[in-house]
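Colleague: Okay, handing you the structure first.
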Amino acid sequence: MSQDTNLTYSRVTTDIVRMLDKPTVKWWTLFMISLSFVGIGLICFIYQVYVGLGVAGYRHPVFWGTYITNFVFWVGIAHSGTLISAILYLFRARFRMSIYRIAEAMTVFAVLTAGLFPIMHLGRPWNFYWLFPYPNQRELWINFKSPLIWDVFAVSTYLTVSSLFFLIGMIPDIAAIRDRVTDKPRKLMYSILSFGWKGSNWEWLHYGRAYLYFAALATPLVLSVHSVVSWDFAMGNVPGWHTTIFAPYFVAGAIFSGLGLVISLTIPIRKIFHLEEYITLDNYDGMAKLIMFTSGIVGYAYGVEFFMAWYSSSPFEWQQFMYRVTGEYALFYWIMVICNVVIPIPLWFSKVRRNLKLLFIISLFINIGMWFERFNIIVISLSRDFDPAAFGIYKISWVEAGITVGSFAWFFMFFLIFLKTLPAVSISEIKEILPVPRRGDK
Amino acid sequence: MSLNQGVLGIYSYADSVLDAVRKLKTNGYENLRVFSPVPLHEIEEEIDLPPSPIRFFTLFGGLFGAASGFAITVLTSSAWPISVSAKPIVSIPPFMIIVFELTILFGAIFTLAGLLVNGFLRNRAPVSMYDKRFSDDKYGVMVVCPTENISSVQDILNSTGAEEVKVDSIDG
């Protein structure tokens, strides 16, 4: 946001509170569409529970398929939210101010979506609590040497911490809304969520400190969560998985995909709610630069994977990577490379970074490309490992497709509710970057 | 000794608030509280509050989390000590991941507790002294003083550009 803005404190409050006005017909239409697809996903899941995991397209030797792809994809999406809210907060990057709330909401809902998939992937999903250490008569405990258990701890910590960060960051804004709304039920809800915030210097002191510590705790957490997710694969002795670059490769990919989705979400929101003065081209320029950077890391990782396969002199590794570029799944591999490495190249030019139509289109391709990256790593590696007699092809089944579409709808359902109940742009932080009102101004 | 009274001045400009706080302090009024829609760092320097104790909450939470991470991994592994491939039962490197995650988890939960206790439960501003506009675009300076000093405080607030001044009795 530039200094020569004509926003004032009270206009900021009015504009953001206006976003929470009664939902329009358009909103209800979108919400109902999301809800129906969630319903379709739910029916598919119930069918799968009733009939068994066989309907999920798992065929020997591929027993990690679309569900795990979706899990990794959604955990990845979640990363840019905390990157923008915590890491860029510690770096005092100003371009985060107007978009971080949307990114944080996206984080929380993406983790909520991701968390469903390991459960759907279970043969007996009702036993999911076996993943947690709980006291039992036989003194049986979980295996802390298993990467899957690290994952349970990492993802549940991430969900808890990012939700707390999201809700705490909103307290002063919720207080501002509480003081504006007039109807009783909403007033009650915002009063509870604002913790009786009054904005006194005593509260600001403790609040500022707590927020700083949250950011400092969330920063290493973000980097750890996707590293742990990557170790689900890297700890396994499967060609294509067993490499040391997986942690940084996954973290960069996660930030890359998350920023892609932030851009795909904020461009329509900016237009619909007329937030042009809040979410400026400078914000998009900053995000596009981060995309440029992470796209470079991801592209480099794609190349280095081949180098390591060749340099390792392992025939299994090398046949796996040749299979990726030329085999049955080659189309998916090349979609991934084109979407993640080639299509973001125009972002090197500032004209493209500031052209929202182009940026929107590029961000959609990034989302597609990153989904296929996860798919390629998981499915292609499994379908050709060591023994040619055990090679096999996995095809996505209609049940998996239904649940995947349902998961996107589930995410958008939460997001639509968020837009109408909570402040999507931070009121107090936008005010913080506006010039402070002084006597001499008039 | 007379009952303590709260005097509140409402301001539109941050520099007026700063003037008022300085003037009140030179006149010996130390029990001040400033309301604002955004944190005012100049005020933070002017009104010297002790550093927030939340850092001790965070530190304790982190240490507690690390200790519980070690405890749960080491104790549960030792509960059924079956050696697999002669590998150590208590294997520290993988356990460090659990220790790390629980450090962050409890660090965050205790930070939240610290914020609730210090920011929201202790030393609350009286409701009678709150104005809805403080969350929007106005500033407030609240002074707690004995009844006989009310008029002098009112004068200071008015002379520094307060738009409204109100007086109410507060507890304590």
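Colleague: Please give the Cα centre distance for region A:367-427 versus region A:215-245, rounded to the nearest Å.
Modeller: 18 Å
Colleague: Say the cut-off is 23 Å between C-alpha atoms; which of A:K22/A:K431; A:K271/A:K357; A:K187/B:K138 go over it?
Modeller: Those over the limit are A:K22/A:K431.
Colleague: Let me know the Kirkwood hydrodynamic radius for region B:54-121, please, with Cα pairs as the basis and the value in Å to one decimal.
Modeller: On the way: mean 1/r = 0.0764 Å⁻¹.
After inverting the mean inverse Cα-Cα distance, the result is 13.1 Å.
Colleague: Most fluctuating residue of A:S426, A:S313, A:S34 in a GNM of chain A with Cα springs under 10 Å: which is it?
Modeller: It is A:S313.
Colleague: Roughly what angle does helix A:246-272 make with the longest principal axis of chain A, taking Cα atoms, 0 to 90 degrees, to the nearest 10?
Modeller: 40 degrees
Colleague: So, one more: Working from Cα positions, state the angle (0 to 90°, nearest 10) between the long axis of helix A:147-169 and the longest principal axis of chain A.
Modeller: Roughly 10 degrees, rounded to the nearest 10.
Colleague: If you don't mind, there's one more thing I want to ask. Cut-off is 10 Å between beta-carbons; in what order do B:T58, A:T243, A:T182 appear when sorted fewest neighbours first? Please report the intermediate quantities before stating the final value.
Modeller: Values: B:T58 27, A:T243 19, A:T182 6.
Final ranking by Cβ density, sparse to dense: A:T182, A:T243, B:T58.
Colleague: Which whole DSSP H helices in chain B pass both tests: a Cα extent of 24 Å or more along the axis and a mean Kyte-Doolittle value no lower than -0.5?
Modeller: On the way: long enough: B:54-79 (37 Å, 1.35); B:92-115 (33 Å, 2.07).
Those that pass (Cα extent of 24 Å or more, hydropathy at least -0.5) are B:54-79, B:92-115.
Colleague: Can I ask one more? For A:M287, A:M322, A:M292, what ranking results if the residue with the fewest other Cβ atoms within 10 Å of its Cβ goes first?
Modeller: Details: A:M287 25, A:M322 14, A:M292 18.
Going from sparsest to densest Cβ surroundings: A:M322, A:M292, A:M287.
Colleague: Right, another one. Per the Kirkwood formula on distinct C-alpha pairs, the Rh of the protein assembly as shown is how many angstrom?
Modeller: On the way: mean 1/r = 0.0374 Å⁻¹.
It works out to 26.7 Å.
Colleague: Can you tell me the relative contact order of chain A? Whole percent, Cα pairs under 8 Å, sequence separation 6 or more. Could you put the intermediate results ahead of the total?
Modeller: Numbers: 572 pairs, mean separation 146.9, N = 442.
So the answer I get is 33 percent.
Colleague: Loop only per DSSP, at most 16 neighbouring Cβ atoms within 10 Å: give me the trypsin sites (Lys or Arg not before Pro) in region A:135-241, ordered by residue number.
Modeller: Numbers: sites: A:R138, A:K145, A:R178, A:R180, A:R186, A:K187, A:K198, A:R209; in loops: A:R138, A:K145, A:R180, A:K198.
Answer in residue order: A:R138.
Colleague: What does the charge count around A:N376 come to, taking other residues whose C-beta lies under 13 Å from its C-beta (Lys +1, Arg +1, Asp -1, Glu -1)? Working shown, then result.
Modeller: Details: positive: A:R324, A:R374, A:R384; negative: A:E305, A:E328, A:E373.
Net charge in that neighbourhood comes out at 0.
Colleague: Which chymotrypsin sites (Phe, Trp or Tyr not before Pro) from region B:69-172 combine a DSSP loop assignment with at most 14 other Cβ atoms within 10 Å? Provide the component values of the computation, followed by the final result.
Modeller: Numbers: sites: B:F70, B:F95, B:F100, B:F106, B:F110, B:F120, B:Y130, B:F134, B:Y139; in loops: B:Y130.
Qualifying residues, ordered by number: none.
Colleague: Cβ under 14 Å from B:L121's Cβ, B:L121 left aside: what net charge do those residues give with Lys, Arg +1 and Asp, Glu -1? Please list the in-between numbers first.
Modeller: Values: positive: A:K198, B:R122, B:R124; negative: A:E203.
In short, +2.
Just so you know, all these numbers are worked out from the coordinates, no wet-lab data involved. Since the model is a prediction, treat every value here as computed from it, not as a measurement. Neighbour counts are summed over all protein chains in view; Cβ atoms, including those assigned to glycine, are modelled from backbone coordinates with ideal geometry.
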